[in-house]
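The values are calculated or read from the model by the stated rules, or taken from the named source; none is laboratory data. Predicted, not measured: the structure shown is a model, and the values here were computed from it. Counting neighbours? That spans all protein chains shown, and the Cβs are built from the backbone with ideal geometry, glycine included. Accessible surface areas use protein heavy atoms only, side chains included; no ligands, DNA or RNA. Shrake-Rupley method; radii C 1.70, N 1.55, O 1.52, S 1.80 Å.
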Amino acid sequence: MKFSLIKKCLYLLAIMLFTATSYTSIGQEAEKRIPDFAEENGLCFKCHGHKTYNYYNEWTEQNVRERMNPYFIVDSIEFYESNHWNFQCTDCHSMDYENFPHDGELRMEEKPGCLDCHGGDDTYADYHFEEIEDEFQRSVHSDKHSVDFTCWMCHNPHSYKISARTSENIKEVIVYDNNICLSCHADINKYQLISDQENPNILEKHDWLPNQQLHFANVRCIECHAKTNDSIMVAHLIQPKELAVKMCVECHSQNSILEASLYKFQARENRNKLGFFNPSLLENSYIIGANRNYYLNIISIFVYGFTLLVILIHAFLRIIIKK
Amino acid sequence: MSEKLYLYPVWVRLWHWSNAILFIVLIITGLSMQYSGTEMKFIRFDIAVAMHNIAGVLVTFLYAIYILGNTITVNSKNYRIREKGLIGRMIKQFRYYSYGIFINEKPPFPPKKNRKFNPMQLVSYVIVMYLFFPFLIITGFGLLYPETIFPTVFGISGIQFTAIFHSLLGFFLSVFMLIHIYMCTLGEKPSTHFKSMINGYH
Ligand code: HEM
């Protein structure tokens, strides 16, 4: 048969590609929680859960329908999935909001901060709220805009849920955490709440990073921008841009900084049974330079050595015997 | 040999040497990325990545030329394999390399027109050029455009899977190159084959 070995090679190639690509993964399901105040909150969601709301106008004695300010819409599904799912709206907001139209002075009510509830509470000792507060105070955001920039800027009061600590899926954590930053850094409307400056274009500012899309899907902004702290899970000390990580090898090397940040709680042993360095990195992504296989390394050195040895012996014999 | 055989047309020679140079660049930058570290700075990581990408794309163009050339020109005749008795012929060639060569036997399959390779050369070139090389290129492009890779393969990250394959293939090919270069010294004189690959004549 003409060219048949070539054809066999090509078939083999096709089969390998096919089997390699025909495996996919399966998702998991979340558990359901039943909130205690669904009924009370329903009163607020009646208006704040929709794009439009209705009320009875006593002056004109008519039912009217109006548009809800999009920034005042609270997604009920997200709310009940959040950390503070089992709250009543009026735990954080004044009881007077039950009346409509809301009293104009209510907008001036002081909102509770995280530390008002979580400060000094042993239940949350693990989270080190005080230390986070301290780091936040020293971060660029707080440094420059201490009063306007509160924890709520990043932790949406109606949807924030912890993910880095609980999620099995690192990719989801990365998306979730990056969206927090991008909610301002990619959205001029929210950015302007804080600053009148022009919002720097994130994609352009990170031009120097090749495979940008891949990187942003596989590392969080804080990996490069926040100073890691051993006692807290998510570093909050966002540093000035001059101090951001720019050296590729900080991640792309065996002592990758990711082991101390993104993969902090997954990082267990240095080398696992299969002989991979940084196994926790490995489960989810392949970071050139950071995960190498110990045994493959040894084998490859051995194979090179053996090949060279055979070549040397052969060459030696040729010289000796042939003359 | 008095009669001069024209075995390596110009395009093969040009292909071959550009391919070899790019291949060496790929191996060096590839190793440098794989063993990157904060302390060892052989080639700066981002430069290594850029060089590796460029060389990879160029080598793919060359590969296309190689395939094209070996489809439409007469050089393809050299790549025909008669499967009947192939094993026997390979054993014969192997015996020559491991024994006969030392006692000044004549090579069993000296190059002639349209059969410039001996059976072992032929099989190894075909496997390397039609199995390993395309796979190396495909996995390489997968890594260059990771959005084309399936997110998970056999339960692990698709990129990871592809990257391991890519490095393994690169490793095999670098071993091939080592052996290949040595084998090329086994001509009438150690320099014979190299000269052929430069001036085209055997
Ligand atoms: C510096 C490195 C290299 C040197 C010194 C070298 C040397 C040679 C020489 C002297 C020949 C002619 C002898 C023969 O036909 O067997 C040859 C042929 C060949 N080499 Fe290389 N080579 C190198 C790298 C490579 C690489 C990296 C590849 C492929 C990945 C390769 C693939 C081939 C092929 C396919 C032929 C046969 C070409 C034909 O005549 O159609 N070589 N090489």
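Summary table below
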read-out	value
Members of region B:107-119 that are away from chain A (no Cβ under 13 Å) and closer than 19 Å to B:S196 by Cα	B:P107, B:F109, B:P110, B:P111, B:K112, B:K113, B:N114, B:R115, B:K116, B:N118
Lone unmet requirement of (1) of a type in the set (D, E, K, R); (2) open to solvent by 80 Å² or more (accessible area, probe 1.4 Å); (3) closer than 25 Å to B:L7 by Cα for B:E105	(2)
Options B:I87, B:I137, B:I164: the member that is more than 16 Å from the ligand (Cβ to nearest atom) and more than 10 Å from chain A (Cβ to nearest Cβ)	B:I87
Close pairs (6 angstrom Cβ cut-off, 6 or more residues apart or separate chains): part of a helix (DSSP H, G or I) in region B:108-119, away from the ligand (no atom under 11 Å from the Cβ) and modelled with pLDDT of 85 or more anywhere	B:P119/B:R89; B:P119/B:M90; B:P119/B:Q93
Selection count, region A:218-244, where residues are open to solvent by 100 Å² or more (accessible area, probe 1.4 Å) and either β-branched (V, I, T) or assigned to a helix (DSSP H, G or I) (or both)	3
Test: residue in region A:120-135 that is of a type outside the set (A, V, I, L, M), open to solvent by less than 50 Å² (accessible area, probe 1.4 Å) and within 24 Å of the chain's Cα centre (by Cα)	yes
Yes/no for B:G142 being part of a helix (DSSP H, G or I), open to solvent by less than 30 Å² (accessible area, probe 1.4 Å) and more than 12 Å from the ligand (Cβ to nearest atom)	yes
Number of positions in region A:91-116 that are closer than 24 Å to A:M153 by Cβ and in contact with a strand residue (DSSP E or B) (Cβ under 7 Å, 6 or more places away or on another chain)	0
Scope region B:68-84; condition in contact with a Phe, Trp or Tyr (Cβ under 9 Å, 6 or more places away or on another chain) and either at the interface with chain A (Cβ under 10 Å from one of its Cβ atoms) or away from the ligand (no atom under 14 Å from the Cβ) (or both); matching residues	B:N70, B:S76, B:Y79, B:R80, B:I81
Criterion (under 22 Å from A:C154 (Cβ atoms) and either open to solvent by 70 Å² or more (accessible area, probe 1.4 Å) or at pLDDT 90 or above (or both)) met by exactly one of A:E66, A:E81, A:E40	A:E81
Number of the exception - B:S124 against (1) open to solvent by 40 Å² or more (accessible area, probe 1.4 Å); (2) within 9 Å of chain A (Cβ to nearest Cβ); (3) of a type in the set (S, T, Y)	(2)
Selection status of B:F172, open to solvent by 50 Å² or more (accessible area, probe 1.4 Å) and within 11 Å of the ligand (Cβ to nearest atom)	yes
Flag for B:S32 being more than 12 Å from the ligand (Cβ to nearest atom) and in contact with a Ser or Thr (Cβ under 6 Å, 6 or more places away or on another chain)	no
Members of region B:176-201 that are closer than 14 Å to B:P111 by Cβ, more than 9 Å from the ligand (Cβ to nearest atom) and more than 14 Å from chain A (Cβ to nearest Cβ)	B:G200, B:Y201
Within region A:75-172, helices (runs of 4 or more DSSP H) holding 1 or more residues that are over 24 Å from A:N41 (Cβ atoms) and free of Cβ contacts under 8 Å to residues at least 40 places away in the same chain	A:114-118, A:129-138, A:140-145
Residue in region B:2-17 that is in contact with a helix residue (DSSP H, G or I) (Cβ under 7 Å, 6 or more places away or on another chain), more than 11 Å from the ligand (Cβ to nearest atom), at pLDDT below 95 and more than 9 Å from chain A (Cβ to nearest Cβ) present	no
Residues being surrounded by 13 or more Cβ atoms within 10 Å (Cβ to Cβ) and outside any loop (DSSP other than H, G, I, E, B) - total across region A:194-217	7
